[in-house]
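Take a look at the structure below.
The values are calculated or read from the model by the stated rules, or taken from the named source; none is laboratory data. The shown structure was predicted, so the numbers you read here are calculated from the model rather than taken from an experiment. A quick note on method: Cβ atoms are made from the backbone with ideal geometry, for glycine too, and the neighbour counts reach across all protein chains shown.
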Amino acid sequence: MTTPLLEIDDLTVTYRTDAGELTAVSDVSFCVEANEIFGLVGESGSGKSTLAKAIIGCLDRNGRIDSGEIRYCGTALTSLSEERFRREFRWNEIAWIPQGSMNSLDPLERLCDQALEIAQTHTDHSAATVDDRFRRAFDAVGLQPDRVTEYPHQFSGGMKQRAMIALALLLEPSLIIADEPTTALDVIMQDQVFRYLDEIRQRTGVGVLLITHDLSVVMEECANLAVLHSGQLAEVGPVTAIYDAPHHPYTRKLLGAFPDVRDPDAELEVLEGHPPKITDGGGYCTFATRCPIATAECETVAPTPQQALESPSQYHLTTCHRSDRLFEHGRSVRRSR
Amino acid sequence: MGRDRKTVTAVDDVSLALRPGIAHGIVGESGCGKSSLLDVLAGLESVDGGAVTYDGRPTAEFSRRDWMAFRRDVQIVFQNPFESLDPKLTVREAIAEPLAVHSIDDRHERIETAVERVELRPVERYLEKLPHQLSGGERQRVSIARALVLEPSVLLADEPVSMLDVSTQANILSMLSSLIDELDLSVLYVSHDISTVGYLCDEVSVMYLGEVVESAPTNRLLGEPAHPYSRALIDAVPIPDPYAERERTALVGTPDGGGRDRTGCLFGDRCPDRTPACERRPEPVALEPTHRVSCHLYTEEPTDETAVRTPVPGEHHGGGR
C-alpha cells in the first residue's frame, strides 16, 4: 500500500479559554490522497478551520495538539521544529488558501511582489524564475499573465480569489488546504473557480483538502468527504456511498438542508441549534443534544468509528451508537432520485 | 460616482410588478443592480426616470405623511445581520425602535408577538440580549422580527441568508416561507443563488446589468429558462447529488459595467448564443402571458440565417422533473 499524501491520525486539538479547556478537534482520523479533492464539511464551530490550521502549523497561541499525529507523505509534521516545517513544507509542499482569503492579499503590494516574498521566504529561486512561474500560475487560473503587476484592488472578488489560488500554486505544492475558497462569491464565480482548481488537479496531481459548509459543492467536486460536528468525526467515506446511505443522523440532516434547483418545492430539513462547545473534555456524542434518535448511551459514552453497515466501501465509517437503526430506517425512507 | 465622476446606470428601464401576497425573486450576479433596485423601491435612492407606484400611486407624488405610511407598510431585511443591528441595543430595544418612530402603543405585546413569530423561544430569554450574545441566525431572526413588528404588507429582503451557515440558512428559509403564507406578505427577495429563490418565491425575474432579461413563474423559469443568462445562472448552481452530471457554466468574466454605452444586447459580450442580431438591443417578448424574455433568440425577424436557432425547452437540467 502506498503512503497517503496526508494522514490525520487520532488528532485531538484543544484551546485554553476563559471558560476552560475547549476541545475543538477530538480523535479525528482521515486520509487525503494525491490527485483528489477531499471534502471536509461542517457548520461554523465544527472544528474544520482548527483542523486546517493544525495541519499548516498555524494554530492560535492558545491552541495545541493534545494527541495524535498529522503525517505528510509519511513524515510526522507534528514532531517537526517550526524552522524545519517552514523551510521544507509550508508553501513548498503544503499551501494554504485561508478563509476570506481574497481579503488576505496585501492591498499595498503588487501581486508579483507578494509572490516574490513568499518564494524568497521558502526557496532560493531567482526573481526571474518566480516571475515566470507566477505568470504561468495566473494563466492556469484564467487570469491574464500581464496582470501580475497589478494591485489587489484592481481585481474583482472572484479574480482576487483566483489570484490567491495562483499564489498557492506558485511553489508547486503537492497539497492545497482550501478553507471556504468560494463562500463569498456568487454562483457563477464559484463555478469558474472550481473549474480552474479541478483543471489544475488533473494536470498536476495536486491533492486538495476542501473545507466548506456547502455539502452540494462537496457532492460535485470531491470523491471522498468527512463530516465534522463539534470536533468529532461524524462520518467519512466516498461521496456516493454517503449520499446513497448516510449512516449518521447529522449527515442525513445536512443532505436534506440544501435547496435543489431540480426540485424547488421540496421541503428543507431543519436542524435546530448549533454545535455545542465542548469544555468538559467530551466523552459523549457531541451531536446527542441535537439528535432525534439519541439515547442515554449517546450522552455518556463517546462513539468510536465503525464500518458503515452494508456500505459498498470499506472506507465508509460512521461514529454513531445508533447507526444500525438509522440505516434500517433510512432504507425505507430514502429519497429515490 | 468615483474619481472620474462617471455616472453608472445601476438599474435601467426595469419594469416589475409585485402583486399582493406574492413572493417575487430577483436573481443575478454580484454587480447586476439587484441591491440598487431594492434601494430605489424602498425610497432610499431616487430615480432618474420612470416611476415607482405603490398601491396605485406614484411615490414621486408622496407627501411626508404618505412616506410615513409607506415606510410602515414596506419593510426591509438586509444581507448582513452582523452589521444591520445596533450593537448597543437589546433585542427588545431594537424591535421597539420602529414602534416608537411610528408612535405605536401596546409595544410590549407587539414585541413579544414579533419575537414569537420568528421562533426565538422562549421569548423572555431573548428580549434582553445584545446582538453579540446571539448567533448569526438568531440575529437575522431579530432583523426579521424588527421588520414584522409594524405588521407590514411588503417585505424587501436583500440576500437575507447568504451570510449564514447551511443549517441556519435552511431554518430561516423555511421560517420565511411559512411567515409569507401566514401573514399574507408580498415579498421581493434578492439573491445571486437561484436555488434559494426557487425555494421561496412564486415568480422570478433575472437581472443583468440593471435590466430584467427574463421573468416567469419560478417552476417555469427553473424548468424552461429561455434567456442564455438565466440558463447560465441555473447551470452554475451546484447540485447536492454526486450522480448529477451538471455541466460547468460556460460563462467567463464578470458583468462589465463599462460596456453599457453599447447599443446592442448587454449580455452580448459573454453570451454563448451570440448572433449578429445581438448588435441591436432586444425587446421583451412574451413566450407565455407570464413568461417574458429579452433575447433575439425569440424575436420574430432574424436579420440573417445564423440568427435562426431554435432553443429546445428543457434541454438543461432544470427541466428534469
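If the condition is being over 17 Å from the mean Cα position of the chain (by Cα) and more than 9 Å from chain B (Cβ to nearest Cβ), then region A:245-272 contributes A:ALA245, A:PRO246, A:HIS247, A:HIS248, A:PRO249, A:TYR250, A:ARG252. Whether any residue in region B:162-177 is surrounded by fewer than 24 Cβ atoms within 10 Å (Cβ to Cβ) and farther than 23 Å from B:ASN80 by Cβ is what I want to check. Looking for residues that are surrounded by fewer than 24 Cβ atoms within 10 Å (Cβ to Cβ) and farther than 23 Å from B:ASN80 by Cβ, one finds none in region B:162-177, hence no. Among the conditions (1) among the hydroxyl-bearing types (Ser, Thr, Tyr); (2) within 30 Å of A:THR251 (Cα to Cα); (3) modelled with pLDDT of 90 or more, B:SER215 misses just one, which is (2). Of B:GLU83, B:GLU119, B:GLU61, all but one fail to be among the charged types (D, E, K, R) and touching a helix residue (DSSP H, G or I) at 6+ places or on another chain (Cβ under 9 Å); the exception is B:GLU119. The residues of region A:90-136 that are part of a loop (DSSP other than H, G, I, E, B) and not polar (S, T, N, Q), listed by number, are A:TRP91, A:GLU93, A:PRO98, A:GLY100, A:LEU105, A:ASP106, A:PRO107, A:LEU108, A:GLU109, A:ARG110, A:ASP124, A:HIS125. Per the conditions (1) crowded, with 23+ Cβ neighbours inside 10 Å; (2) touching a Pro at 6+ places or on another chain (Cβ under 6 Å); (3) modelled with pLDDT of 95 or more, the sole criterion not satisfied by A:LEU40 is (2). Kindly indicate whether A:GLY283 is away from every other protein chain (no Cβ under 13 Å), surrounded by fewer than 19 Cβ atoms within 10 Å (Cβ to Cβ) and part of a loop (DSSP other than H, G, I, E, B). In short, yes. The set of residues from region B:198-226 being farther than 23 Å from B:LEU155 by Cβ and within 12 Å of another protein chain (Cβ to nearest Cβ) comprises B:TYR208, B:ARG220, B:GLY223, B:PRO225.
Scanning region B:241-256 turns up one or more residues that are within 13 Å of chain A (Cβ to nearest Cβ), crowded, with 18+ Cβ neighbours inside 10 Å and at pLDDT 90 or above.
Residues in region B:121-139 that are within 12 Å of chain A (Cβ to nearest Cβ) and not in a helix (DSSP H, G or I): 3 in all.
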